[in-house]
Amino acid sequence: MMTLSAIASLTATAQTSQKLPATEARALSTKQVQIDKAGNGAGFRADGVSTTEDTTAAFHVGWNYIHPEFCEMYYSGNSPYLIIYAKEGGYFYTTDHVFHTLISPACQTGNWLAFYVYNTNNNWSNVWTYTYK
C-alpha cells in the first residue's frame, strides 16, 4: 500500500519531467510562398525550407496526395491564409474558413491529405482527410 507521501512524490516527478518539443518553431520567411489571390491554390517553394528537394514539384489535374510537414496561418488584407507545406514538395493554401477547420488537425498529426486540383493553375476545390499517415 502506498502512502500519501509516496504518491505526492510520484505526482511531483511526473509534473516536472515534461518533454520539450523536438524542434523550435521555424523562422518566418516572405520567400516561402508566392500567393497572388485569395481562394484555394497550390505552389512550389524555392527557399529550402523543406527537408526534401521540392523546387521541381508538380501538381496535376486530379487528386494530389500529401503529408503535411508543417502549416502556417497569416492574414493578408482581410483574408486569413492557411498554408500547408507538403513533405513531398510544394504547398497548398486556402482562405476558406471551412477548409481551415477541416485541414488544421492534419497539420498537427501529419496525416495524409488529398487535394483535387481542377486546372493547370493549381486551383483546387475538394480535400479529403485521412486518419492515418
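The values are calculated or read from the model by the stated rules, or taken from the named source; none is laboratory data. From a predicted model like this one, the values you see are computed outputs, not experimental measurements. Please note: Cβ atoms are built from the backbone with ideal geometry, for glycine as well, and neighbour counts cover all protein chains shown.
Can you find even one residue in segment 112-133 that is of a type in the set (Gly, Ala, Ser) and touching a Lys or Arg at 6+ places or on another chain (Cβ under 8 Å)? No, segment 112-133 has no match at all.
Taking the stated definitions as given, is residue 115 modelled with pLDDT of 95 or more, of a type outside the set (Gly, Ala, Ser) and within 16 Å of the chain's Cα centre (by Cα)? Taking the combined requirement at face value, the residue satisfies it. Looking only at segment 40-82, residues that are part of a strand (DSSP E or B) and either surrounded by 12 or more Cβ atoms within 10 Å (Cβ to Cβ) or modelled with pLDDT under 90 (or both) come to 20 in all. The condition (being within 22 Å of residue 61 (Cβ to Cβ) and aliphatic (A, V, I, L, M)) is satisfied by just one residue among 82, 113: 113. Does residue 124 satisfy the condition of being aromatic (Phe, Trp, Tyr), exposed (fewer than 15 other Cβ atoms within 10 Å of the Cβ) and over 13 Å from residue 73 (Cα atoms)? Criteria not met by residue 124.
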